[in-house]
Amino acid sequence: MGRLQGKTVFITGASAGIGEACAREFAKEGSHLVLTARRVDRLEKLKQELTGKYKDINVHTVALDIRDKKQIDDAVKGLPSSLKDIDVLVNNAGMVHGVDPLVEVKEDDLDIMFATNVKGLVFLTQAIVPGMKERGTGHIINLGSVAGKEAYAGGSIYCATKHAVDAISKALLIELVDTPLRVSQICPGLVNTEFSTVRFGGDKSKADAVYKGLQPLVAEDIAEIVVFTAGRPPHVNIADMLVFPSCQAASKIVSRNA
Ligand SMILES: NC(=O)c1ccc[n+]([C@@H]2O[C@H](COP(=O)([O-])OP(=O)(O)OC[C@H]3O[C@@H](n4cnc5c(N)ncnc54)[C@H](OP(=O)(O)O)[C@@H]3O)[C@@H](O)[C@H]2O)c1
């Protein structure tokens with residue numbers, strides 16, 4: 001029996017990209033799932049797929065906008081009793097808007113990035129970690145980014161939010177060091193998901209140009225690493241991992257062949 005079989009995993013942003021791929025990888029391991037995002041229709045489809053394929057897992061979906069603290073608290077309080085004891089929290093939901101230089105960044109874009117990537121992650125963690133502490137077990141896995149390790153032009157606010165995730169992950173790890181809880185941060189480089197389409201306000205051709213002539217990571221590459229991280233024995237904590245496609249060396253240093 002694998003270490004993740006029968007564990008309960010709570011994933012934010014499970015309707016697309018890395019979060020959706022994490023749901024599939026944890027399901028393969030026999031984990032029960034709480035899948036959250038705003039596009040609950042997608043979550044329902046994913047639930048049907050996974051419960052059809054893996055008969056022994058429970059999957060619960062919740063429509064959740066992580067910018068809304070009350071929705072977060074209600075979602076956690078309203079979990080079915082069989083899924084209340086969360087073993088792994090994957091703080092994955094996140095987004096970027098625009099490529100404006102700092103002096104032109106719109107207040108709305110600034111607000112939405114901080115509300116989603118920082119405040120949402122903090123409120124979710126605050127809602128779930130106390131239960132983990134009471135039970136003496138739990139693992140928080142945050143999706144950081146190379147943008148949390150270095151800054152780049154046109155990404156000031158997104159980079160600031162991911163630097164915040166970096167700081168929060170490190171501080172939480174220190175705060176929980178005398179408990180059995182683990183805190184990990186996985187920091188991808190370029191992953192081809194809906195992320196760039198969201199960045200460019202739905203403009204698919206601009207999004208595709210980001211990956212032109214190179215082989216980016218795919219969501220499954222990161223999901224496998226998240227599941228590997230969660231599946232280490234209790235005395236092992238992968239605290240921080242930076243993951244690039246082979247053609248990338250820094251946020252804006254990539255090799256393009258085409
Ligand atoms: N793709 C990359 O190159 C890359 C690189 C480094 C780090 N990351 C990080 O990886 C994480 C996942 O990104 P991805 O690449 O998988 O992007 P994605 O395909 O765009 O998926 C983002 C997910 O976040 C959810 N989300 C966005 N805003 C939300 C909100 N207010 N409330 C609840 N859920 C929300 C979306 O669901 P709904 O829209 O249905 O709510 C979606 O499921 C993010 O934290 C991102 O910063 C991505």
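Qualifying trypsin sites (Lys or Arg not before Pro) in the range 55-136, where qualification requires a DSSP coil assignment and no more than 12 other C-beta atoms within 10 Å, comprise Lys55, Lys106. Once you reduce the range 120-193 and the range 13-37 to the center of their Cα atoms, the two points are 18 Å from each other. Positive contributions from Lys and Arg (+1) and negative ones from Asp and Glu (-1), summed over other residues with Cβ under 10 Å from the Cβ of Leu173, come out at 0. Note: relative contact order over the range 150-258, using C-alpha pairs below 8 Å and six or more positions apart, is 33 percent. A simple spin-label model places pseudo-atoms 7 Å from Cα toward Cβ; at Lys170 and Ala63 they are separated by 4.0 nm. Applying the criteria of a DSSP loop state and at most 16 other Cβ atoms within 10 Å to the GluC sites (Glu not before Pro) of the range 101-156 yields Glu150. In the chain, Cα pairs under 8 Å separated by at least six residues give a relative contact order of 19 percent. Neighbours of Tyr211 by Cβ distance under 15 Å: Lys/Arg scored +1, Asp/Glu scored -1, total +2. Near His163: Cβ cut-off under 12 Å, other residues only, Lys/Arg at +1 and Asp/Glu at -1. The net charge is +1. Using a probe radius of 1.4 angstrom, the carbon and sulfur fraction of the accessible surface of the range 53-160 is 53%.
Which helices, taking whole DSSP H runs in the chain, have alpha carbons extending 15 angstrom or more along the helix axis plus mean Kyte-Doolittle at least -0.5? Counting only whole DSSP H runs, the qualifying helices are 17-28, 121-135, 156-175, 219-230. Applying 1/(1 + (r/R0)^6) with r as the Cβ-Cβ distance of Asn257 and Glu134 and R0 = 41 angstrom yields a FRET efficiency of 0.20.
Using the 1.4 Å probe convention, the accessible area of the chain works out to 47 Å² per residue with neighbouring protein chains retained.
Net length available on complete extension from Ala151 to Arg232 is 26.0 nm, with 0.36 nm assigned per residue and the Cα-Cα distance removed. With contacts taken as Cα pairs under 8 Å at a separation of at least 6 residues, the range 31-146 carries a relative contact order of 28 percent. Calculated mean residue ellipticity, 222 nm, the chain: -12000 deg cm²/dmol, from DSSP H runs (n ≥ 4) at -39500 (n - 2.57) each, averaged per residue and rounded to 500. Annotation: extensible slack from Asp111 through Asp203 equals 31.0 nm (criterion: 0.36 nm per residue apart, minus Cα-Cα distance). Measuring r between the beta carbons of Ala249 and Arg38 and using R0 = 22 Å, the FRET efficiency lands at 0.05. For the chain, the Kirkwood estimate of hydrodynamic radius, built from reciprocal distances between every pair of different alpha carbons, is 18.5 Å.
The values are calculated or read from the model by the stated rules, or taken from the named source; none is laboratory data. Just so we're clear, the structure is a prediction, and the values are computed from it rather than from any experiment. Note: ideal-geometry Cβ built from the backbone for every residue, glycine included; neighbour counts use all protein chains shown. All accessible areas refer to the heavy atoms of the entire protein, side chains included, with ligands and DNA or RNA removed. Shrake-Rupley method; radii C 1.70, N 1.55, O 1.52, S 1.80 Å.
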